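Only one structure is covered here, and it is reproduced in the block below.
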Amino acid sequence: MKVSLVSLAALLGVAAGFSAAPSSIGNTRSVATTSLTSVQLSSTQVDAAPFAKPPRVVREQLPTVYVYDHCPFCVRVRLAMGVKNVKHLIHFLANDDIASPTALVGKKIAPIF
């Protein structure tokens, strides 16, 4: 809820700074402006613990991840493996390589774990 109040207050602050320009025909419109006095913002300071890297996970047989370098889903898998500190092998697939993923899972799809 605090995020939406802050966003609303920022929006009202920006909207209050604008005024309607008169049109060239002669019709002028007035724009009602709102003040921020009715919106109260509160902030609390939270002390966060620094990031502690988890212990390294190393298996006897390293898992192989087959990925495309341009695929956002493959990037997520690589990010998760890095955050969890899992040692793994990465095999980058070429975009026109149809035989490798088809042989592994039956269709051209990635990531393959």
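The values are calculated or read from the model by the stated rules, or taken from the named source; none is laboratory data. Small disclaimer: the values here were computed from a predicted structure and weren't measured. Reconstructed Cβ throughout: ideal geometry from the backbone, glycine too, with neighbour counts over all protein chains shown. The protein model used for the area step is the full one, side chains on, heavy atoms only, and it has no ligands, DNA or RNA in it. Shrake-Rupley method; radii C 1.70, N 1.55, O 1.52, S 1.80 Å.
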Sites matching trypsin sites (Lys or Arg not before Pro) across the range 51-110 that sit in DSSP coil, with at most 13 neighbouring C-beta atoms within 10 Å: 56, 59, 84, 87, 107
Heavy atoms of residue 89 accessible to a 1.4 Å probe, total area in Å² rounded to 10: 90 Å²
Accessible area, probe 1.4 Å, largest first, for residues 86, 57: 57, 86
Label zone at residue 52 (point 7 Å along Cα-to-Cβ), backbone N below 16 Å, the range 74-104: 84-85
Rounded to the nearest 10 Å², the accessible area of residue 97 at probe 1.4 Å: 40 Å²
Contour excess over end-to-end distance, with Cα ends at residue 60 and residue 112 and 0.36 nm allotted per residue: 16.8 nm
Rounded to the nearest 10 Å², the accessible area of residue 44 at probe 1.4 Å: 100 Å²
Overall Cα dimensions of the range 37-113 - principal axes, largest extent first, Å: 65, 36, 16
